[in-house]
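Trainee: Got a structure for you, written out below as structure tokens; questions coming shortly.
Read the figures in this text as sums done on the coordinates, not as results from a lab. Everything numeric here is computed off the predicted structure, so don't read it as measured data. Here Cβ is always computed from backbone atoms with ideal geometry, including for glycine, and neighbour counts include all displayed protein chains.
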Amino acid sequence: MDNKQNEFLFHPKNVMLFILLFGLTFLFLALTAAYIYIRVTHEVPPVQVPILFVFNTVILLASSWTMIRSKRCYLADDTVGYQQNLKITIWLSLFFAVMQAVAWWWLFRQNIHLGTSTTTGFLYVISFVHLAHVLAGLPFLFQFYRAAKKNMIDPVTVLVYFSDPEKRLSLRLLTLYWHFLDGLWIYLVLFFAVNQVI
């Protein structure tokens with residue numbers, strides 16, 4: 001068991017993902033630290049967080065839940081459940097992207113534009129960079145769903161698909177990436193909400 005865990009920890013895909021997550025963590029910590037610095041030094045008022053950002057949190061949490069379910073279905077050799085949960089995750093992610101655009105539209109309707117203030121600019125940039133990483137994960141989700149639909153056509157191909165250790169590892173890493181993006185979004189919404197009341 002220890003050997004298998006070590007193989008997972010030092011697998012190139014695993015190392016690349018953790019480097020990516022490490023870099024993203026520091027990127028968003030730097031952006032939020034810069035936001036606080038600007039607010040304190042220039043006495044800029046905080047930006048109002050759209051209520052849709054909270055609603056979008058629920059959408060992301062739902063997509064994270066369906067990713068967990070797809071992984072469980074994979075481990076349980078549940079073909080239909082695996083494919084359905086992957087498809088739902090894709091649709092929820094696309095729905096999140098649409099609702100982010102609606103949230104930005106609401107900000108524009110409230111005359112809160114990108115150049116309204118420095119803090120407003122940070123809100124747009126931070127939320128856009130987060131959305132970009134959600135969209136960056138979508139091709140991998142599509143690839144998993146397409147491969148499942150294409151390769152799982154009879155009991156033999158299903159068995160081959162579910163017993164592939166490379167697919168299992170990739171699904172595990174993709175699920176981890178999705179959970180990270182959800183946790184990151186919760187942090188960002190709470191960060192802006194706390195700044196709004198301070």
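Trainee: Let me know the number of lysine pairs in region 2-197 closer than 23 Å at the Cα, not counting same-chain pairs under 8 apart.
Mentor: Counting lysine pairs in region 2-197 gives 14.
Trainee: Mind putting a number on the dipole of region 2-197 about its Cα centre? Charges go on the C-beta only, +1 for Lys and Arg and -1 for Asp and Glu, and I need it in Debye to the nearest 20. Before the final figure, lay out the partial values.
Mentor: Numbers: 14 positive and 9 negative charges, 59 e Å.
Here the size comes out at about 280 debye.
Trainee: Could you work out which residue, out of THR175, THR119, THR157, moves most in a Gaussian network model of the chain, that is, has the largest mean-square fluctuation with Cα springs under 10 Å?
Mentor: Sorting by GNM fluctuation, first place goes to THR157.
Trainee: Here's a follow-up. Pulled fully out, how much extra length does the chain show between ILE153 and ALA30, if you take 0.36 nm times their separation in residues and subtract their Cα-Cα distance?
Mentor: Details: separation 123, 0.36 × 123 = 44.28 nm, distance 4.76 nm.
Stretched out fully, the ILE153 to ALA30 stretch lengthens by 39.5 nm.
Trainee: Want the number for ASP77 to MET16: 0.36 nm per residue separation, take away the alpha-carbon distance, what's left?
Mentor: Details: separation 61, 0.36 × 61 = 21.96 nm, distance 2.77 nm.
Working it through step by step, the gained length comes to 19.2 nm.
Trainee: Can you list which of the DSSP-assigned H helices in the chain have a Cα extent of 27 Å or more along the long axis and an average Kyte-Doolittle score of at least -1.0?
Mentor: Details: long enough: 12-42 (44 Å, 1.46); 51-75 (37 Å, 1.06); 79-109 (45 Å, 0.73); 118-151 (50 Å, 0.70); 165-197 (49 Å, 0.71).
Helix filter hits for the chain: 12-42, 51-75, 79-109, 118-151, 165-197.
Trainee: While we're on this one: Round to a whole angstrom and tell me the spacing of the C-alpha centers of region 94-116 and region 125-198.
Mentor: Here the two parts' Cα centres lie 24 Å apart.
Trainee: Give the residue from ILE112, GLN143, LEU75 lying farthest towards the positive end of the charge dipole for the chain; charges sit on Cβ (+1 for Lys and Arg, -1 for Asp and Glu) and the dipole is referred to the Cα centre.
Mentor: GLN143
Trainee: Then there's this: When the helix-only estimate is applied to the chain (DSSP H runs of n ≥ 4, each -39,500 (n - 2.57), divided by the residue count), what is the mean residue ellipticity at 222 nm, nearest 500 deg cm²/dmol? It would help to have the intermediate numbers written out before the result.
Mentor: Values: 7 runs with 170 residues, N = 198.
Value at 222 nm, helices only, nearest 500: -30500 deg cm²/dmol.
Trainee: Taking just the alpha-carbon atoms of the chain, what radius of gyration and Dmax come out, in angstrom?
Mentor: Spelled out, the Cα radius of gyration and Dmax of the chain are 19.5, 66 Å.
Trainee: Which whole-number percent is the relative contact order of region 2-197 (Cα, under 8 Å, 6+ apart)? Walk me through the numbers before you get to the answer.
Mentor: Working: 152 pairs, mean separation 61.8, N = 196.
Dividing the mean separation by the residue count of region 2-197 yields 32 percent.
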